[in-house]
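For reference, the structure discussed in these notes is given below.
Values quoted throughout were computed directly from the atomic coordinates according to the rules given, and no laboratory measurement underlies them. Please read these numbers as outputs of a predicted model, since none were measured by experiment. Here Cβ is always computed from backbone atoms with ideal geometry, including for glycine, and neighbour counts include all displayed protein chains.
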Amino acid sequence: MTETLYGQNMLCITTYWGQDKTFKLMPINNDCPYMEVIYDTATQMLVAISKTLKQNLEMLPRLDDDGEITRTKKPKRNGKEFKEQRQLMQVPQEYYMVERAEQEAFIEAFACNAKVYNYKLYLDIKPKSQSEILQKPEAGAILDKDGKALTAVK
């Protein structure tokens, strides 16, 4: 019986996902089955993007003969102001790991530097609440032409 050999072919590095600092795994040789693995601290999800391609229907803007996006006369129900068409595309297979134990097992199996890189620092970050995600209003009062703060009319 043949033994399946995999793993230890990615490197943990520090990066950003949106505004948040996080980590990702990048392949270090061509034998790695994944293009990228990234941890989303907002959802506490480890996302692995495979080299395996699948066919998927995607909605894309409809183009005219000159390659320009075809505009609609009025916005559609989905709010888009251009025509769309379904297109069959080759897209990479994605895997979403939500259980911490599975995330750690995956990282230990694939990251060659898992024992020295502190990825658990990011796994321990608590997800942001909805109020933290929303932007805070600008501080400071609205000023009149003389630089004095305006007050609300009652």
Once GLN85 and THR43 are pulled to full extension, the length gained, defined as 0.36 nm per residue separation minus their Cα-Cα distance, is 12.0 nm
Bounding extents of the stretch 10-128 in its principal axis frame from Cα atoms, largest first in Å, are 57, 36, 22
Site LYS51, offset 7 angstrom along Cα→Cβ, radius 20 Å on amide nitrogen, limited to the stretch 84-117, gives 90-96, 106-113
